[in-house]
């Protein structure tokens, strides 16, 4: 039987700024020059990066956005809810997991520029997943949401934003 503590120890996960625990597992040696990327990318980027990411019930990954697409992969635990707010204000509740009957998928993509946050909504549960970012992740392209600014931009989602920001 696996547990969050097991995965944290065995995979040597550390705290992530947005919440949860993570470890970078891959950074492509191929580097894309900034002039081949969007204006949202603040410099040259690895072609792709990958991490392990773990969240436990009671924690959340706070609303943030990045300049690249992010593909999520489910590995162990319970279904993870990922909330995505598109630039037009459309809210999508993705479910990452293997319970296909409830609408979960074992793999999904959050598109560049969307605000997104996640949490485990099963009491006592945890989710171990992976995230692949292409072009590769760099903290220069990472923006952690300011609660008031995000609520002002999307007041129709104020309760959700309040629960998933710090």
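Listed here are the residues, each with its yes/no results for (1) within 23 Å of residue 57 (Cα to Cα); (2) surrounded by 15 or more Cβ atoms within 10 Å (Cβ to Cβ); (3) touching a strand residue (DSSP E or B) at 6+ places or on another chain (Cβ under 6 Å).
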| residue | (1), (2), (3) |
| --- | --- |
| 108 | yes, yes, yes |
| 124 | yes, no, no |
| 136 | no, yes, yes |
| 140 | no, no, no |
| 147 | yes, yes, no |
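Residues that are touching a residue at least 24 places away in the same chain (Cβ under 8 Å) and touching a helix residue (DSSP H, G or I) at 6+ places or on another chain (Cβ under 6 Å): which strands (runs of 3 or more DSSP E) entirely in segment 36-84 hold 2 or more of them?
49-56
Evaluate the following for residue 1: is it at pLDDT below 95, farther than 25 Å from residue 159 by Cβ and either surrounded by fewer than 15 Cβ atoms within 10 Å (Cβ to Cβ) or under 16 Å from the mean Cα position of the chain (by Cα) (or both)?
Considered against the rule, which asks whether it is at pLDDT below 95, farther than 25 Å from residue 159 by Cβ and either surrounded by fewer than 15 Cβ atoms within 10 Å (Cβ to Cβ) or under 16 Å from the mean Cα position of the chain (by Cα) (or both), residue 1 comes out as yes.
Under 9 Å between Cβ atoms, which residue pairs at least 6 apart in sequence (or on different chains) link something in segment 106-128 that is on the phi > 0 side of the Ramachandran plot and part of a loop (DSSP other than H, G, I, E, B) with a partner that is buried (at least 18 other Cβ atoms within 10 Å of the Cβ) and at pLDDT 95 or above?
As it stands, the answer is 113/65; 113/66; 113/67; 124/56; 124/78, since those pairs meet every condition given.
The values are calculated or read from the model by the stated rules, or taken from the named source; none is laboratory data. Quick caveat, the model's predicted, so the values are computed rather than measured. Because the Cβ atoms are built from the backbone with ideal geometry, glycine has one as well, and the counts that use them run over all protein chains shown.
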